[in-house]
Amino acid sequence: MTRPGRPTLIAIGIDAAEPTFVRRHLEQGDLPELRRLAAEGLWGSVVSPAPIGSGAVWPTFLTGRRPVEHGLHGEWVWRPDTMDLGPLSWDHLDPFWRSDAGCGRRVAVLDVPFAPLLDIPGCVEVLDWGAHDLLSGRLQVAPRHLEPLVVETGGVHPFAAGFVSPAGPPDRAGLERSVARCLAGVTQRGRLARRLLTDTTPDLLVLTFTELHRAGHLLWHTVDPAHPNHAGATDGDRPRRGLVRILAAIDAEIGRLRELAGPEAAIVVFSLHGMRRARGIPTVLGPLLEAQGFAVPRPWRHRSARERAAATLSAVKRSVPGPLKRLYHGWLPQQMTGLLTQPSMPLPAYDWSRTTAMALPTDQHGWVRVNLRGREAQGIVEPRGYVELCERIEGVLRAARHIDGQPVVRAVIRTAADAAAAAASRLPDLVVHWDDVTFQSPVRLGEPALSAPNVGLQFTGQHAPEGFYLVRAPGGRTGSDGSPVEAERLHRLFRDAAGWPA
């Protein structure tokens, strides 16, 4: 398997694997392969841009560039030239393995999130096969003649076949079905990865296990004693051990890959971000900005037919009963449900002549975009007033209190120091991290007095910023002293572990 002078490097991502969770079960003996790697190698932490948004971490890793440079942070993109939202585009990203292929190394890539299809000599790519988010909506394989091998060996990944959406912590049968699909996905992924390793003999194999990510959102309450729903997850419930079972299955597949690659292979296992307790996604930011006069909706009579239709469709979707939504998601393939959400993800119809800042749709943190003149097509905030406006918004956010007096905002991050930096950025201007009181739904504020429900209440886990790396290479070569490594520099650690020049 390993060619003289060109050792195989296998980089295995366990998407959204929480370092403390992994380390605890490694030390308890539930993960013998990772424990063996840790005994022979080195464990360290990965610092990623997850505080901006989970959508920023993988683009940062694969390009080696910060979010302000690659511009991605979530699944929807704000288009300042048209003052609306558009679907995500990732084709502009340039992954680090392009240079490896250009140097004559053979590369194989399996389900690395946000990876564009390069279709270049020396590079085998299997994308959107069993991704957490099927961004392109279809399986992509290069070279194309390998697609039958992928379909024959891997089959249809359960994530591509349909989405199981449990009702939440009380739906133990639904949670167990999700666990079963994730376990099946791990097995299929391992089988496909071994086949790629055998048939394409790459110098570099980069693959991602996405199954723990999906399960972590649904099952985090089962492993976090501080979670409000933890008490309902009794020891007798199979879902209670679901995350451990999935992680153990991944551990076993890592062992099979390691054995197949041989003792001279460098192995890196990593996670770019982790998980923390949550209960759905707060939607209070938009109403709060409106209540404070930063965002001003247009009256219904002044909206276009398209805006009225979009608002009506959104209202209808919010009113659909949970069981019907779960039936819809389970019946349609994930790529189809993704396409159907695109026309129904509008912003409120704002009066841009009076709106200075608005909330952008989010899957985690709150995102605030300033209506900056010269950057937004209908911008009204003068550059000289940008910093002062951000300070006022931050002050309002930090002062917001739940009806019981607790602050709802834990932290506010500014992504640009001034208007000049903001003008060149596609990121939100402020990122809002919610405090634990927002686990309650609806979120009720006392000052100003308003209420807003959380969405996605079935999600009991949300992303945390810290990841980890575990590197083992022949001869003790690690490329690190155990210090934290930034996500954009992780690929350098890969090459150092393999003994390749940077």
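Observations on the model:
- Distant-in-sequence amide H partners of residue 409 (H built 1.01 Å from N, under 5 Å): 435
- Value of Rg to Rh for the range 48-195 (Rh from inverse mean 1/r over Cα pairs, i.e. Kirkwood): 1.01
- Length-normalised contact order for the range 11-134 - Cα pairs under 8 Å, 6+ apart - percent: 15
- Amide hydrogen neighbours beyond the local backbone of residue 13, cut-off 5 Å, H modeled: 207, 208, 209, 270
- Potential lengthening between residue 436 and residue 27 on full extension [0.36 nm per residue; Cα-Cα distance subtracted]: 144.3 nm
- Segments 408-419, 273-284, 118-129 sorted - mean Cβ within 10 Å per residue, highest first: 273-284, 118-129, 408-419
- Of the residues 121, 141, 175, the one whose Cα sits farthest toward the positive end of the charge dipole of the chain, with +1 on the Cβ of Lys and Arg and -1 on the Cβ of Asp and Glu, is 175.
- The range 1-74 - percent relative contact order, Cα under 8 Å, separation 6 or more: 16
- The loop-placed chymotrypsin sites (Phe, Trp or Tyr not before Pro) in the range 55-126, going by DSSP, include none that has at most 13 neighbouring Cβ atoms within 10 Å of its Cβ.
- Magnitude of the charge dipole for the chain, about its Cα centre and with charges confined to Cβ atoms of Lys, Arg (+1) and Asp, Glu (-1), is about 660 debye.
- The per residue volume of the convex hull around the alpha-carbon atoms of the chain is 147 Å³.
- Its Cα gyration tensor gives the range 104-162 an equivalent ellipsoid, and the semi-axes of that ellipsoid, as √(5λ) in whole Å with the largest first, are 19, 13, 9.
Read the figures in this text as sums done on the coordinates, not as results from a lab. Computed from a prediction, not measured in an experiment: that's the story for all the values here. Backbone-built Cβ (ideal geometry, glycine too); neighbour counts: all protein chains shown.
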